[in-house]
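Trainee: My questions will all concern the structure given below.
The values are calculated or read from the model by the stated rules, or taken from the named source; none is laboratory data. Not measured: the values here are computed from a predicted model. All Cβ positions, glycine included, derive from the backbone under ideal geometry; neighbour counts span all protein chains shown.
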Amino acid sequence: MRKHIIAAVQQHAAAEYPRECCGLLLAVGRKQIYYPCTNVATEPTEEFRIAPEQYAEAEDRGEVIGIVHSHPDATSRPSPRDLAMCEATGLPWHILSWPEGDLRTITPTGETSLLRRPFVHGAWDCWQVCADWYQREWGLEFPAYVREDGWWESAEGPSLYEQAYEAAGFYQVDKPQRGDMVVMAVGRTAHPNHAGIFLGGDAVLPGEQADVFGPGPFLLHHLYGRPSEIIVFGGPWLDRTRLVLRHRDAK
């Protein structure tokens, strides 16, 4: 990162401290500039969020080539959420520890394991592990669905799985086969709020070691607050099932 940009980020971090500062690195013609943004997160001392409207304003100024934020009173080591969102945005992330002043850059790898990924709602969660399985196994691509944490708690709010599955190419079936998406209601919830990929008796994931035993049937899922895993699908999971969905391009 160029010296004038580092200086601008440091100035922003100092002004926002103890809140996290956030901004965008823009390419404007042959120049690079730092575009400071307002942190609209509910807990700005713990995380950051850039309003979509401000992001769009930045895109009108130039090409977004990086995401910048500070870690107040902490190291520049990326959090699980930083790593997840770096992959989700497909952009380099620049993290400044403040007031320490250490700057670290992380870049997307383009490949995140399906198993043992940490939970980060909206980036590494139950829907995303399903979408990533479909992309790797069948080459299917889905839109980036925006979802607020806790969307399932209010009966007046949207039921995202029930409202979106048809437009995403799914239809309901009675009995699952390998590759179907199982939608469940887990915990205190007003709507079905969890999903996983039914693997049948074959728990093999290319290039990954699944520590499972027995004949199955197995389910790949990512439960809230826990690493993604493969489990035996039965018992209470059957009781929680609300929908079994098959994609129209199932292989």
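Trainee: Which ones in segment 204-230 are in a strand (DSSP E or B) and surrounded by fewer than 17 Cβ atoms within 10 Å (Cβ to Cβ)?
Mentor: 208
Trainee: Quick one: would you say residue 83 is surrounded by 15 or more Cβ atoms within 10 Å (Cβ to Cβ), modelled with pLDDT of 95 or more, out of contact with any strand residue (DSSP E or B) (no Cβ under 6 Å at 6 or more places or on another chain) and over 18 Å from residue 12 (Cβ atoms)? Give the steps one after another, and end with the answer.
Mentor: Details: surrounded by 15 or more Cβ atoms within 10 Å (Cβ to Cβ): yes; modelled with pLDDT of 95 or more: no; out of contact with any strand residue (DSSP E or B) (no Cβ under 6 Å at 6 or more places or on another chain): yes; over 18 Å from residue 12 (Cβ atoms): yes.
When the stated conditions are applied, residue 83 does not pass them.
Trainee: A further question follows. Can you tell me which residue in segment 93-117 is farthest from the chain's Cα centre (by Cα), limited to those that are crowded, with 16+ Cβ neighbours inside 10 Å and touching a residue at least 60 places away in the same chain (Cβ under 8 Å)?
Mentor: As a first pass, look at segment 93-117 and keep what is crowded, with 16+ Cβ neighbours inside 10 Å: 93-98, 103, 106, 108, 112, 114-115, 117.
Applying the additional criterion that residues be touching a residue at least 60 places away in the same chain (Cβ under 8 Å) yields 94, 96, 98, 103, 114-115, 117.
On the way: 94: 18, 96: 22, 98: 26, 103: 24, 114: 12, 115: 14, 117: 11 Å.
Only one residue tops the list, namely 98.
Trainee: Pick from segment 42-67 the residues that are under 21 Å from residue 97 (Cα atoms) and surrounded by 15 or more Cβ atoms within 10 Å (Cβ to Cβ): which of them is farthest from the chain's Cα centre (by Cα)?
Mentor: 44
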